[in-house]
Amino acid sequence: MMLTGTVPPKKVWVDKTEEKGSDVNLAAHLVCDAFQKRFDVAVLITNDSDLAEPVRIVTKELGIPVGILNPHEHHSATLKPLATFVKRIRQSHLIASQFPSTLSDNKGAFTKPASW
């Protein structure tokens, strides 16, 4: 990738660890599992309105409750009317669930951003 702020422009190698397709996979498994009656209630930790249609299918078409847990102050206006219940995850619970500030793997130590 190009390194910003360098003159002349400079290319550097970057390890990218972005998630790809996780919302699609979650949606597919939610609907599949609901059709196969593998759960009585589903709970999603999300505020992603892209999941509105699978939540609607499960709650409205199949009649199975789906709850939304969300760490943000405001809930998705798209998800809220489709979910059976919506709850906010408390900051204290998020803080208590964090990994240590520094972890290491086979490439060395890494530190989570202070904002986390």
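Within the shell of other residues whose beta carbon sits under 12 angstrom from the beta carbon of Met1, the net charge comes to +2, with Lys and Arg scored +1 and Asp and Glu -1. When the alpha carbon gyration tensor of the chain is reduced to an equivalent ellipsoid, the three semi-axes, largest first, read 36, 19, 15 Å. Taking the Cα centre of the chain as origin and assigning +1 to Lys and Arg Cβ atoms and -1 to Asp and Glu Cβ atoms, the resulting dipole is close to 240 debye.
For every helix of n ≥ 4 consecutive DSSP H residues, a contribution of -39,500 (n - 2.57) applies; sum these over the chain, divide by its total residues, and give [θ] at 222 nm rounded to the nearest 500 deg cm²/dmol. Can you show the working numbers first?
Values: 3 runs with 25 residues, N = 116.
-6000 deg cm²/dmol, from helical runs alone.
Rounded to the nearest 20, the Cβ-based charge dipole of region 22-73 about its Cα centre (Lys and Arg +1, Asp and Glu -1) stands at 260 debye.
How compact is region 45-98 by the rule of thumb for globular proteins, expressed as Cα Rg over 2.2 N^0.38 Å? Walk me through the intermediate numbers first.
Working: Rg = 11.9 Å, N = 54, 2.2 N^0.38 = 10.0 Å.
Taking the Cα Rg and dividing by 2.2 N^0.38 Å, one obtains 1.19.
Helix 22-35 axis versus longest C-alpha principal axis of the chain: approximately 20°, rounded to the nearest ten.
Non-local lysine pairs in the chain, meaning eight or more places apart or on different chains, with alpha-carbon distances under 30 Å, amount to 20.
On the basis of the beta-carbon distance and an R0 of 35 Å, Glu18 and Gln98 show a calculated FRET efficiency of 0.95. Taking only the Cα atoms of region 17-85, the ratio Rg/Rh comes out at 0.96, with Rh defined as the Kirkwood radius.
So what is the accessible area of region 42-88 per residue, in Å², with the probe set to 1.4 Å?
Values: 2550 Å² over 47 residues.
Per-residue accessible area for region 42-88 comes out at 54 Å².
Give, to the nearest whole percent, the P(r) tail of region 67-116 beyond 17 angstrom, counting all Cα pairs. Don't jump to the answer; show the numbers that get you there.
On the way: 652 of 1225 pairs.
More than 17 Å apart: 53 percent of the Cα pairs in region 67-116.
With loop membership from DSSP and a limit of 14 other Cβ atoms within 10 Å, the longest segment of the chain without trypsin sites (Lys or Arg not before Pro) is 39-89. Across region 87-100, rounded Karplus estimates of 3J(HN,Hα) from the backbone phi angles (6.51 cos²θ - 1.76 cosθ + 1.60, θ = phi - 60°) give 10, 8, 7, 5, 4, 4, 6, 5, 4, 5, 9, 6, 5, x Hz, Gly and Pro being marked x.
The values are calculated or read from the model by the stated rules, or taken from the named source; none is laboratory data. These numbers were taken from a predicted model, which means no experiment stands behind them. A quick note on method: Cβ atoms are made from the backbone with ideal geometry, for glycine too, and the neighbour counts reach across all protein chains shown. All accessible areas refer to the heavy atoms of the entire protein, side chains included, with ligands and DNA or RNA removed. Shrake-Rupley method; radii C 1.70, N 1.55, O 1.52, S 1.80 Å.
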